[in-house]
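Novice: Please see the structure below; I have some questions.
The values are calculated or read from the model by the stated rules, or taken from the named source; none is laboratory data. Everything quoted here is computed from the prediction, not taken from an experiment. Here Cβ is always computed from backbone atoms with ideal geometry, including for glycine, and neighbour counts include all displayed protein chains.
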Amino acid sequence: MRPPSIVQSLRRRTGGVFYGWRITAAGFLINALADGTYFIGFTVLFLPISRDLGVSRTAISVPFALARIIGGGLGPITGPMIDRFGPSRVLTFAALTGGLGFVLLYWTHSYAWFLVVYLGLVSVGMQSGFGASTATAVTQWFLRRRSLAMAVTQTGYSFGGAVIPPLFALGVQTVGWRTSALVAGLGMWLIVLPLSTQLRRSPESMGLQPDGIPAAGGAAPAALSHSQAVMRDVSWREALHTSTYWLLAWSFGLRSMVWGAMGVHLVAIMVWKGLPEATAGYLIGFWALAWAPAVLLLGWLGDRWPKQKVAALGSFVALAGVLALALLDQVQVWQMALILLLLAPNEAGWGLGWAMLGDFFGRRHFATLRGGVIAVQAFMGVGAPVYSGWVYDETGGYTWVVWPVLGLVAASGLAFWFLPRPRVGG
């Protein structure tokens, strides 16, 4: 009797489910830890760290701005490394480094040491391989269902943002922010390191095809309807010579400016609008939870309608939320919850943007091209957190933060709406 093929063995181990969905599930959990502890989690720790270290909001915003420079510099380095060595190895390094940084925050008692640990370990680890590894793995394993699969991994950010920041808020009140950071670092090692082994390099490396489509004489998958993913891999040099690549990078940069200006300070903004700090921390979790249905819906639509228009739609809905925040002097809890619901669809633009990058330029150089976009995104957004902190220190409020954000969200939506498909050789 002939031994079972690798495909048969994989199907037997996964119950007949395409292995790409297993990678998607791993990406969901990995992104949950990244967003819950680092990207959103630190918004809850922002004020406690500022008070404990005795520094102004401008000063505590500086490392958040410098972290963007680090992320921008790492993008063009880690991208080619992922394309060469695979997402699993890079993610392992990222989890070890980021986890160590969170653990060492427990012994942080000075602003200088905070800068060293946050910038040298936490930011390097969290920005070097988490999002890049999961996005690359999903891009490699899916074509026709790429938007939906990317949306599922993106809802990991929603889940992590909904669960972990409220736990951070509770931890700050009970055991302090240092112990909360220590637990986050240990959890990262225990959860992310085993999951990193699931991010296999490509379906072809395991005898499979993207989307689980059976190979038929080497034929390419069927037409992809509105997705229209490229059937060949565009070289990174070709991609850099297209206006589409740079317009996509610019649209991501606008979104980065929005997040840097308002996302990092969101708890502080809600306190400025009259809400208790603990309530604001819990609302951060509610906001992240609201992403899930919005991101999944827009991801599902992105596999059926032009992704550019769907992503733009999310930004246009968010305009109403930012406008309401700008106009209301004081907010009630229900009003803030409604504003956060309106902001939620804007988060779908991240996953749809990465799906567009894969559709437009292929799979082989995806991580390298993503690294270039990350560099543009990071450097465009680098000054936004410091600007917001400076505005508060000078004016005692965030009025001159919220109104400019309104324009940035509108510009990001328009950039997505008019984003053209690239003209590359066949």
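Novice: Is there a residue in segment 174-181 that is modelled with pLDDT of 80 or more, over 22 Å from the mean Cα position of the chain (by Cα), assigned to a helix (DSSP H, G or I) and more than 23 Å from ILE40 (Cβ to Cβ)?
Specialist: No, the conditions are met nowhere in segment 174-181.
Novice: In segment 267-298, what residues are aliphatic (A, V, I, L, M) and under 20 Å from the mean Cα position of the chain (by Cα)?
Specialist: VAL267, LEU283, ILE284, ALA288, LEU289, ALA290, ALA292, ALA294, VAL295, LEU296, LEU297, LEU298
Novice: Would you confirm, using the coordinates I've provided, whether THR78 is farther than 20 Å from TRP259 by Cα and among the hydroxyl-bearing types (Ser, Thr, Tyr)?
Specialist: Yes: the conditions hold for THR78.
Novice: Would you check if there is a residue in segment 305-314 being among the aliphatic types (A, V, I, L, M), under 30 Å from GLY274 (Cα atoms) and in contact with a Phe, Trp or Tyr (Cβ under 8 Å, 6 or more places away or on another chain)?
Specialist: no
Novice: Now for a separate question. Might you check whether a residue that is outside any helix (DSSP H, G or I) and touching a residue at least 12 places away in the same chain (Cβ under 8 Å) occurs anywhere in segment 346-360?
Specialist: no
Novice: Can you find a residue that is over 21 Å from SER147 (Cβ atoms), over 17 Å from the mean Cα position of the chain (by Cα), acidic (Asp, Glu) and outside any helix (DSSP H, G or I) anywhere in segment 323-344?
Specialist: Yes, the conditions are met somewhere in segment 323-344.
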